[in-house]
Amino acid sequence: MGKKISTENETASSSASTRVKNKVCILTGAASGIGRATAILFAREGAVLVISDVDEKGLKETVSLIKEGKERVTAVKCDVTKPTDVKKMIDEVVAKHSKIDVLIVNAGVVRVGPIETFPDEDYDLLINVNMKGTHYTCKYAIPYFKKQKSGSIITLTSVAAHIGQPNHANYCSTKAGVLGYTRALALDMAPYNVRVNSVSPGSTDTPMLQGDCMIEAKQRGVPYDVVKKEREKEGVIPHWADPTEIATCILFLATDDASYMTGSDLRVDGGWTAR
Ligand SMILES: NC(=O)c1ccc[n+]([C@@H]2O[C@H](COP(=O)([O-])OP(=O)(O)OC[C@H]3O[C@@H](n4cnc5c(N)ncnc54)[C@H](O)[C@@H]3O)[C@@H](O)[C@H]2O)c1
């Protein structure tokens, strides 16, 4: 599977800036946070990039923040909970570029709260975006991956798939679901030379985590900064990740540098789960 690396010298000579150059990459959830940082990084690295999100305004902001490689970036509105949206986006990418090299399944939502009062619509949203959205995004790309017999799929799970967090039972279950999905899909795709891996971020400074902490602060009646300080102590690196620190790990999995990795999960959690 992947590219055979024959000598150490060859590895050293492949410049970091060419690893996804001209690779056709599709990214969901690119209007904010980790997706936005990933879009900026992949564009800079020379990818032919299709970024998507349900939030058109945020997607436009992401495009405006891309300084290098903007000419190779296409932004598409796509709601991952809608199979027709996802299929259309993927079919159009292949119609235009004839292939997909990298699929980054990043779109996600968090909803928190005690189970006994957890709104059914929040539960449905978690399942629809985090689990069904992951499934639809892979489902419509897989026939192309199987045909071309190459590629890399990267899903976004979470530290929450590995440990429990108070009031996060439903979010944790969807992210554990994505972890299992990724592992199993890696087996199915191995005969087709397609690697499938996940990234499990720890606390990453994005609107998702900020919103999560604001809800907790409100529920406990304490200032946001108190919750933030407590949450920063969860990792052994005592601050939240910058979204770019997750994007660089997604980039690694997308490249031949990770050619022997499939069915793996990269925990980028500041040592949280090492405790
Ligand atoms: N921030 C963290 O601390 C953290 C930790 C672990 C895992 N993650 C995971 O990383 C991923 C990115 O999270 P983030 O922190 O950047 O969140 P974010 O809220 O900043 O960005 C998520 C993006 O997904 C998009 N999205 C939501 N529903 C969608 C839908 N139906 N269709 C298409 N796009 C949709 C949003 O519009 C948003 O742009 C998520 O899967 C999240 O679960 C985040």
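Considering each of K4, K60 in turn, give the residue that is surrounded by fewer than 14 Cβ atoms within 10 Å (Cβ to Cβ), basic (K, R) and either within 10 Å of the ligand (Cβ to nearest atom) or modelled with pLDDT of 95 or more (or both). Criteria check complete, one pass: K60.
The set of residues in region 218-270 that are touching a residue at least 60 places away in the same chain (Cβ under 8 Å) and small (G, A, S) comprises A247, A254, A258, S259, G263, S264, G270. I'm trying to understand the selection: among the residues of region 239-275, which are among the small types (G, A, S) and in a helix (DSSP H, G or I)? Once the filter is applied, which keeps residues that are among the small types (G, A, S) and in a helix (DSSP H, G or I), region 239-275 yields A247, A254, A258, A274.
The values are calculated or read from the model by the stated rules, or taken from the named source; none is laboratory data. Here the structure is a predicted model, which is why all the values come from computation and not from measurement. Ideal geometry is used to build each Cβ from the backbone, glycine not excepted, and the neighbour counts take in all protein chains shown.
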